[in-house]
1. Kindly state, to the nearest 0.05, the FRET efficiency for Glu50 paired with Lys97, given R0 = 25 Å and r defined as their beta-carbon distance.
2. Once label points are set 7 Å from the Cα along Cα→Cβ at both Ser110 and Ser33, what is their separation, rounded to one decimal in nm?
3. Would you mind computing, in nm to one decimal, how far apart the modelled labels at Ala167 and Thr181 are, each placed 7 Å from Cα along Cα→Cβ?
4. Relative contact order for the chain: what is it in percent, counting Cα pairs under 8 Å that are at least 6 residues apart?
5. For segment 125-208, with only Lys/Arg (+1) and Asp/Glu (-1) charged at the beta-carbon, what is the dipole magnitude about the Cα centre, in debye rounded to 20?
6. Radius of gyration and Dmax for the chain's Cα atoms, expressed in Å?
7. Any lysines with Cα under 25 Å of the Lys188 Cα? List them, leaving off those in the same chain fewer than 8 positions away.
8. Using modelled backbone amide H atoms (1.01 Å from N, in-plane), which distant-in-sequence or interchain residues come within less than 5 Å of Leu112's amide H?
Amino acid sequence: MSLFEIAREDATARIDGASDLFKTVVKSKDPKSIQRIKGLAFVDMYAAYEPSVLSSVSLYLTAVKDANLPVSRLQPGLQSLIKDPDLQSMTESKKVKWKRRSEMLAKLQSGLTGCAVVSVFPDDGSHYRMSQLHLIWDLLQLRGSVLPAKMLTPLIGEVVENRNAIAHGRERPETIGRRYTEVEIQEKLDQVKTICIHILTAAENGAISAVTAASV
């Protein structure tokens with residue numbers, strides 16, 4: 001089983017577990033418990049979504065690293081991730097600026113991906129909203145749409161907003177839960193699972209394409 005398959009199974013297990021708990025509470029017929037679990041469902045959705053986004057990048061970089069490819073053969077967006085530690089160390093001091101730039105270009109021409117740091121993540125500060133996904137798609141040049149269906153776009157912001165509201169104490173779970181029906185929550189759980197699988201599969205296919213292209 002590949003690392004991407006393991007990540008997909010983890011996301012599926014997280015959502016399925018949340019769905020099972022949700023159904024159990026709904027069967028209790030207790031109004032307060034049901035309102036609360038509807039709100040907490042967004043925390044569970046985020047708990048599957050965030051790791052999927054992080055894993056999509058780290059596993060992509062791991063595949064490229066394991067292939068030990070010449071960095072010079074990679075597309076620019078991927079080079080910027082592979083060489084992030086070196087780019088971070090660059091300084092704009094006039095005394096060393098041009099020397100550092102020259103050294104960086106030399107490393108891009110001669111380095112191999114076997115030394116890459118796979119923990120790099122291109123965080124855009126949006127807390128995994130749609131702009132974060134678009135950035136990942138651009139940097140890794142992933143093919144296809146960012147989401148499995150355009151209609152799911154609002155769901156990303158909805159999950160992030162509701163989860164953050166609960167996690168940061170701005171709103172109680174039951175307050176958020178009152179805004180949704182039981183059917184809507186179950187539908188959103190299923191949709192988030194589909195999104196997680198889509199993101200990880202797109203990254204897996206992208207990694208295969210990147211390694212193949214750089215190996216020619």
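1. 0.10
2. 6.7 nm
3. 3.0 nm
4. The value is 38 percent.
5. 140 debye
6. Here Rg and the maximum Cα pair distance are 20.6, 71 Å.
7. Within the straight-line limit of under 25 Å, Lys188 reaches these lysines: Lys23, Lys27, Lys29, Lys32, Lys38, Lys150.
8. Sorted by chain and number, the residues that satisfy this are Val71.
Read the figures in this text as sums done on the coordinates, not as results from a lab. Given the structure is predicted, the values throughout are model-derived calculations rather than measurements. All Cβ positions, glycine included, derive from the backbone under ideal geometry; neighbour counts span all protein chains shown.
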